[in-house]
Structure formats: structure tokens, C-alpha cells
1. Just checking, does the range 151-167 include any residue being more than 23 Å from the chain's Cα centre (by Cα) and charged (D, E, K, R)?
2. With the requirement that a residue be among the polar types (S, T, N, Q) and more than 25 Å from residue 82 (Cα to Cα), what does the range 9-59 give you?
3. Is at least one residue of the range 265-274 on the phi < 0 side of the Ramachandran plot and either outside the structural domain of residue 310 (by TED's automatic domain parsing) or among the charged types (D, E, K, R) (or both)?
4. Of all the helices (runs of 4 or more DSSP H) wholly in the range 90-170, which have at least 2 residues that are closer than 30 Å to residue 71 by Cβ?
5. Return the residues of the range 121-160 that are touching a Lys or Arg at 6+ places or on another chain (Cβ under 7 Å) and either surrounded by fewer than 16 Cβ atoms within 10 Å (Cβ to Cβ) or over 27 Å from residue 99 (Cβ atoms) (or both); say none if nothing qualifies.
6. Of all residues in the range 19-52, how many are more than 22 Å from residue 66 (Cβ to Cβ) and part of a strand (DSSP E or B)?
7. Being within 30 Å of residue 195 (Cβ to Cβ) and loosely packed, with under 14 Cβ neighbours inside 10 Å narrows it down to one of 271, 275, 301, so name that one.
8. Determine, yes or no, whether residue 222 is modelled with pLDDT of 90 or more and either exposed (fewer than 15 other Cβ atoms within 10 Å of the Cβ) or within 27 Å of the chain's Cα centre (by Cα) (or both).
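The values are calculated or read from the model by the stated rules, or taken from the named source; none is laboratory data. On a predicted model such as this, the values are computed, not experimentally measured, just so you know. Don't worry about glycine lacking a Cβ; one is built from the backbone with ideal geometry, like all the others, and counts go over all protein chains shown.
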Amino acid sequence: MNQEDKQKDKREGIYQPGYTYTDPATGARVKKRSAVWWISYYVDGKKVRESSGSTNIADARRLRKQRLARKWQGQPVGPDITRTRLADLTQMVIDDYRANGRKLRSVTAPLKHLLDYFGRDCRALDVTTDRITAYIADRQEAGAAPATINRSLSGLKRGFTLAERAGKVAQRPYVPMLHEDNRRTGFFEADQFRAVLDQLPDYLRPVIHAAYVTGWRLRSEILTRQKHHIDLDAGWFRLDPGEGKSGDGRMFPLTPELRAVLEDQVQRTHAFELASGTIVPWLFHHEGKPIGSFRKTWISACERAGVPGRIPHDFRRTAVRNLERAGVPRSAAMAMVGHKTQSVYSRYAIADESMLRDGATKLAALHQADSLRRPRKVIPIG
């Protein structure tokens, strides 16, 4: 390479940086030049220096052309694009969950599956669509359900979205999602609900009864209620804004059945406070303490009641179906139960046999009324 070419490469930002070190034999300071070629270019007015990782100047020239081409196309440019690891993406997702106050337990396990398969040091640009498909196949062979696999894929998609916004990746790969058909269809008939209720301990009966009537989520919306969340005079059972899953507030009118349950629970709590000399803020409690997990108790009660395999979330579907049966307008029913969209509500509005028979009876009545209104054709005699 002649001197003119060297000067041209230097002007274009292709160079071998020099450095100084101390010779251990003589103790003298020695200047040397790196054998690896580096490149430099400007992004948003800032000078970016990047190693080509090669001792061949042609590789450095090629890399600089690629970087400038991406810059002119308005795409992210810089050494972070190649240095970003999958572990960086997963950490971005976790930080995003923390910043938005979301529960980490719903995302940590799915992200761990990705890290275990690809490796923490896997570069983000190496997570291509074909490798993602191979990951899906591997998880399916291990017996993972589509919904479980999709939680990991959703975390991966979110990580790439956040990294792209931060200029850490050049582009997002296509992430295929699996079809999920795991919607439950369980619900309780009135006699089944009463049978389970009879098998539960006294402190759990008002909890389950309130869930049966309202369809509210047990852990986050029923067990977290305090005494000030009910207004017996005005007739409301209340969920304050920010407490539920959707973040919206909610009010459920006290039906006679729900009012009787809550009034009895308030009286029992007051009697406990007088006997124990303590103040209990919780509406539902076990000897003054918040109610924790009762999974084993629930399973045993369902088995003894002859309805094994039921889950408390079935009450959510039951409440929606009862509202449909009662003819409550969907807008009001959605506000009472806490569904924000028609599509989600429709998943819970299960049409059982009795609803279908009622529909058939109404349809038959309509046809009969039409036939009575229709004028009869007179056939002349002779």
C-alpha cells in the first residue's frame, strides 16, 4: 500500500491505532501500532470508533461501507448492534416490567427458557427466525404446551422491540406464535356451588360466595377487600382504581344475596374484634389475618362435593353466564365483572344447554306469532 492510499484510508476513518507500553526488559516506553484495523464514522454528530476485528484492511473498508449504508437508510448504527446479547434483551424486559409495576413472576420463567436454550452470551443478531423455529420444536418435543411456549416468544418479541427503540439491534426477526386453544369452559350450576360451599370451612364460605355472585378475581379482587370497600347504605361493593388487573375501578351493586353475605361477614368480624381486642381491616380474614393460599382445601371440597377438577376462576365464567341468563345488558355486565373488551367477555359468555333451549323457545314463539299474523289464503269452492 502506497503512502497516498494510507492517507486516503486515514481521512475516511480507517486506521490502525497506536499505543504505548513499557518494555519489561528495558523499562523503556515503546510505541507500537495495532495490527487490527479500526474504523470511525459519525452518528448524530458523535464520533463512533469500532474495531473491525481483522488485520485485513479490506475487511475494515467493507465494514465501514456497511455502517454508512445503514446510517443513510435511517437504521441503527454502531458497535452496540453486534455486541447486544440475548441476556441484554431479557434484562430490558425485566426492567420494563419493573418500571410499569407488573409482576415479575409472569415473565422470569419464560425468559429463563430462552436463555437456557440459546445461551446468555448468544448475540441478538444470531437469534434468527430459523433458530426460533428450532426452539419451538425443541420445546414441543419436551412436552411444553403452546401457551407456555408463547409466553417465552412474547418475552422475546418484547425484548427485540425495546432493544430496537434503544438502538441496540438493527432489526427484529419474525417470531412465529403458536395457536392456543386452551380456553376453559367450566362453570358452576347453583346446586354444584352450594355443594362445594357446604364442604368449605366457615372462614372461606363468604369469600367463595362473593366470587360466585360477582365473578371478581379471588386473589387480587376479593381477598384484598377491606371493610371500607363496602357501602351497605348506598348498596355497593367497590374496587378502587389501580387495584384490579385492568387498573380501572369497579362497583358491584349489592344484590339481596350478596348483601346478606357481606352483612353477616361484617358482624362476624366485629364480634371477633370485640373478643380478641384487635382491629381487623380486612373484610375477609382467618382469625384476623389475611387469607393466603387454600388450594388443598379447595381441591378436597370439590372432590367431596362431586365436582373434581374445578377451579375458583370458574366463578368468573359462572357470573358472566348468570348475567347473560338474567338479560343484563352487556355494557352493564362488562362493567360489573370487569371485562374491558367485547372479545374477552364473549369468551366467558358460555352458552350452555339451558340457554340454548331458552333461545329455541323464544324462536318458536316468534315463528308462531308470525304464522298467526300471516293472512290465510282463501280457496274458492266450486
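1. no
2. First, pick out the residues of the range 9-59 that are among the polar types (S, T, N, Q): 16, 20, 22, 26, 34, 40, 51-52, 54-56.
Across the range 9-59, the qualifying residues are 20, 22, 26.
3. Yes, the range 265-274 has at least one match.
4. On the way: elements: 105-118, 129-141, 146-165.
So the answer is 129-141, 146-165.
5. Start the filter on the range 121-160 by keeping residues that are touching a Lys or Arg at 6+ places or on another chain (Cβ under 7 Å), which leaves 121-124, 149, 160.
Once the filter is applied, which keeps residues that are touching a Lys or Arg at 6+ places or on another chain (Cβ under 7 Å) and either surrounded by fewer than 16 Cβ atoms within 10 Å (Cβ to Cβ) or over 27 Å from residue 99 (Cβ atoms) (or both), the range 121-160 yields only 121.
6. So the answer is 9.
7. Details: 275 fails: within 30 Å of residue 195 (Cβ to Cβ); 301 fails: loosely packed, with under 14 Cβ neighbours inside 10 Å.
Selected residue: 271, the only one of 271, 275, 301 that is within 30 Å of residue 195 (Cβ to Cβ) and loosely packed, with under 14 Cβ neighbours inside 10 Å.
8. yes
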